[in-house]
Amino acid sequence: MIIIKSKEEIDKIEESCRIVAKILSQMKKVVIPGIKTVQLEEMALEMMDQEGCVSAFKGYNGYPAGICVSVNDVVVHGIPDKYCLQEEDIVSVDVGVLKNGYYGDAAATFTAGKAVEKDARLIETTEKALENAISHARAGNRLIDISGAVEDTVREAGYSVVRDFVGHGIGQQLHEDPQITNFRTADKGPVLKPGMALAIEPMVNQGRYEVKIGKDGWTVKTKDGQKSAHFEHTIVITDKDPKILSSVY
């Protein structure tokens, strides 16, 4: 069941998203060679504490960390540890918080040091896929219009979209209906209506779309070992243009 949010609820989601965006803005500055991924988590958790919120991820279905830090061939759900970022690493940071009973969720991919050209193109394409998807998130369109915009952008660039993980609705739960695939399916999905809050998140691989889950039960890697990028925004459908709630990073 897709829950249509009231203005008051959207305001609360937006407040959580504001914090998420603030944290991602900080992550962009500190993702540099030599920093440990666990240090990124420590900074993020400190900022959450200062903002009076908690991590949406820590303890969620047993997830052990406060944010996700996914490096190179890690697609999503990378657990922060003592790994030191290296020059040319690409680093996807996924942040979610809970404040006043409502969630915010967003992600972005950065480079540690100077990115090689092919990695920079992957990141640019993934962010463009998200932008194109959001442009189709309009009342009267169907969910498949969002999914198709991601798929078309990615395929045109010669990459593949991850099929095992999807975007989602968001509100009082981190993951609500509907599921938002990054590729077309036979089901066109529901008609988009004002008040729907959606977390749209393309996950794009340089190589094939297949992934594998590590022994820790969380870390998702590309099966062929090629790199992956991930961007996510929480948005709300309006009677005009879609509104990005996690708009600054």
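A short reminder: the numbers here are calculations on the coordinates, not readings from a lab. Small disclaimer: the values here were computed from a predicted structure and weren't measured. Here Cβ is always computed from backbone atoms with ideal geometry, including for glycine, and neighbour counts include all displayed protein chains.
If I build a Gaussian network model for the chain, linking alpha-carbon pairs within less than 10 angstrom, which residue out of LYS114, LYS82, LYS221 has the largest mean-square fluctuation?
LYS82
Using the alpha-carbon centroid of each, what span in Å lies between the range 1-42 and the range 200-226?
22 Å
Just going by the charge dipole of the range 109-218, with Lys and Arg at +1 and Asp and Glu at -1 on Cβ, which of ASN132, THR109, VAL154 is farthest out on the positive end?
The listed residue farthest towards the positive side: VAL154.
Would you mind checking the pairs LYS5/LYS128; LYS128/LYS221; LYS58/LYS227; LYS128/LYS227 and listing those with alpha carbons more than 19 angstrom apart?
LYS5/LYS128; LYS128/LYS221; LYS58/LYS227
To the nearest 500 deg cm²/dmol, what mean residue ellipticity at 222 nm is calculated for the chain from DSSP H runs of n ≥ 4 alone, each contributing -39,500 (n - 2.57), summed and divided by the residues?
-9500 deg cm²/dmol
With 5 Å bins from zero, work out the P(r) of the range 121-207 over every alpha carbon pair and list the percent per bin.
3, 17, 27, 25, 17, 8, 3, 0
Relative contact order for the chain: what percent, with Cα pairs under 8 Å and sequence separation of 6 or more?
Normalised by residue count, the contact order of the chain is 24 percent.
Over the Cα atoms of the range 7-244, what is the Rg over Rh ratio if Rh follows Kirkwood?
0.95
Going by how many other Cβ atoms sit within 10 Å of their own, how do TYR209, TYR103, TYR60 line up, fewest first?
Lowest count first: TYR60, TYR209, TYR103.
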